[in-house]
Every structure is written in structure tokens, then in C-alpha cells.
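Trainee: Here it is, the structure in full.
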Amino acid sequence: QVQLVESGGGLVQPGGSLRLSCVASGIIFSGFKMGWYRQAPGKQRELVADITSGGSTKYTDSVKGRFTISRDNAKNTVYLQMNSLEPEDTAVYLCNTVFLTRNYWGQGTQVTVSS
């Protein structure tokens, strides 16, 4: 079955950086669009960034210029490099893909930006 496993979250000071990783299994990874979402307490889940099988990327406005999504098809892994982190970036970050019209999610990794 499809499994997504995130890692890399943690506590970081404002202005700091983190790199999130998501390893996928159960799919032919290179053929799938992959996305990073986040959900903060009391807020709706939102798309942060996604990357197509061809490498085209899309970002939500609030992270443009600060976050970079990338993928390594040889490692079945999608990354989210987060720089210049702000307290507003605090959330659980989740990896996503769609397979046979069904959404699959990882368990999430907590990112906390605080001094």
C-alpha cells in the first residue's frame, strides 16, 4: 500500500532553517505529483508547495522566496527546504500524493518557530 513517512521537523528560532523529507513507498514515485501541506491549530490545512513528476513547482504566496520543494526520484523522496522561518510557519507539515483518485497522507512532522 501507499505509505508516506515525513521527518525533519523540530524547534527553530525565527530566521532559522529546516529541511523536511518525505519518503514514499507503494507507488512508482517518479510518476506522481507530490505535495507538502501544513495545518496549524485552529486553521484549515493548506497547500504549501507541490512538485509534478516533471519537476514543475508551485508555492503558496506566503512561502515564495523562502521555501524550496525538490525531489530525488532515485530515493523516492520529496524535500521541503525552509529558510527564513517565521512564527507563522509553525504547524504540522504533511506529505501528500494522490493515487487512483485517493489522497494519501503521512503522519506529519511538527515545525515550531519560536524564540
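None of the figures in this text is laboratory data; all of them are computed from the coordinates on show. Treat the numbers as computed from the prediction; the structure is a model and nothing was measured. Every residue, glycine among them, receives a Cβ derived from its backbone with ideal geometry; neighbour counts consider all protein chains shown.
Trainee: Using every alpha carbon pair in segment 66-115, what percent of pairs falls into each 5 Å bin from 0 up to the bin containing the largest distance?
Mentor: 5, 16, 21, 25, 18, 10, 4, 1, 0
Trainee: Still on this model: Compare Ser84, Ser21, Ser70 in a GNM of the chain, Cα atoms joined below 10 Å, and give the one with the largest fluctuation.
Mentor: Its mean-square fluctuation being the largest, the pick is Ser84.
Trainee: Could you give the semi-axes, largest first, of the ellipsoid that matches the chain, computed as the square roots of 5 times the alpha carbon gyration tensor eigenvalues and rounded to whole Å?
Mentor: The answer is 23, 14, 13 Å, longest axis first.
Trainee: State the extension gain, in nm to one decimal, for the chain segment bounded by Gln107 and Ser17, taking 0.36 nm per residue of separation less the distance between their alpha-carbons.
Mentor: Result: 30.3 nm gained on full extension.
Trainee: Go ahead and set up a Gaussian network model of the chain, Cα springs under 10 Å, then flag whichever of Asp61, Asp50, Asp72 fluctuates most.
Mentor: Asp61
Trainee: Okay, moving on. Relative contact order of segment 4-108: what whole-number percent is it, with Cα pairs under 8 angstrom and at least 6 residues apart?
Mentor: On the way: 213 pairs, mean separation 36.8, N = 105.
With pairs under 8 Å counted, the relative contact order is 35 percent.
Trainee: Separate question: Straight-line reach only, C-alpha to C-alpha below 24 angstrom: list the lysines that Lys75 could link to, leaving out same-chain residues fewer than 8 apart.
Mentor: Output for Lys75: Lys33, Lys58.
Trainee: Here is a further query. Label 7 Å along Cα→Cβ of Gln81; segment 46-72 residues with amide nitrogen under 20 Å?
Mentor: Counting backbone N atoms under 20 Å from the label point, the list is 48-72.
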